[in-house]
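Here is the structure we will look at.
Read the figures in this text as sums done on the coordinates, not as results from a lab. Quick caveat, the model's predicted, so the values are computed rather than measured. Neighbour counts are summed over all protein chains in view; Cβ atoms, including those assigned to glycine, are modelled from backbone coordinates with ideal geometry.
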Amino acid sequence: MKTLFNKIWLDNKMIPEIRDKFLSITTDFINNLKVEPTVTDIILTGSASGYDYTESSDIDLHIVVDVKENKLLLEYYTIKAKLWNLNHNITIDNHEIELYVQASNAEHFSENIYSVQNDKWIKEPLSYKAEIDIRSIETDLQHYIKIIDKLLELETVTTGSKLKTLYDKASTLKDYIKTKRKTALKTNGIYSKDNLVFKGLRKLGYIEKLIGLINLIYDKIYIEENKNI
């Protein structure tokens, strides 16, 4: 029978020294912000807080903040968290700690959530074995990889008005993958096929490649449109 990750958990509770480490990391991050957030909780979520952790699992540490309806403020915190992750490589037993900022009113889909701030489970994990169709996930994963690779190849030879068409295709694909994941999370949870496919693409760097491609094409379109001004 699988147990919780023993470098973080002991007798179903977070190891005090690990909790202190998480709180120290989040405090350091917050102290480096120009605009101090209203923190409502600090949570650990994802596979490192459940029975489905693996050797490749990251440790997802979320700072939950109240930003009301201020999307720009949330975007600022999100960008700062991404920069923090790029500039730091903090691990526990070779599992990298990934810092996120989450709006307190945002939907969060997870089978397991632990409040680091309050030192208690919000949603305790279940020790069941989910039925996962590995072959179907791999098929979809390779399908998306081929499409993204083709789009990356086309970018190198596409110019003029065709750039807008390529931009639309890449943007549509990104939105499609994102929407399928969100729908799957709502209906079937974190073990749903489309969520696992998304996580596979992200782990292999293909979500980042796709976003980078969209940004690159956008810049090329702008340059093309303004080169004669």
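Adding -39500 (n - 2.57) for every DSSP H run of four residues or longer, then dividing by how many residues the chain holds, sets the calculated 222 nm ellipticity at -17000 deg cm²/dmol. Sorted largest first, the principal axis extents computed over the alpha-carbon atoms of the chain equal 65, 47, 31 Å.
Straight-line cross-link partners of residue 13 among the lysines, defined as a Cα under 21 Å from its Cα and at least 8 positions apart when in the same chain: 2, 21, 120, 123. Straight-line cross-link partners of residue 186 among the aspartates and glutamates, defined as a Cα under 12 Å from its Cα and at least 8 positions apart when in the same chain: 107, 111, 194. Computed about its Cα centre, the charge dipole of the chain is approximately 620 debye, with only Lys, Arg, Asp and Glu carrying charge at their Cβ. Using the average count of surrounding beta-carbon atoms within 10 Å as a protection proxy, the listed peptides 6-19, 193-206 rank, highest first, as 193-206, 6-19.
At q = 0.15, 0.20, 0.22, 0.30 Å⁻¹ the log10 of I(q)/I(0) for the range 181-229 amounts to -0.55, -0.70, -0.76, -0.96, computed by Debye summation with a single uniform scatterer per C-alpha, solvent ignored. Full extension of the segment from residue 109 to residue 24, taken as 0.36 nm per residue of separation minus the current Cα-Cα distance, would add 28.0 nm.
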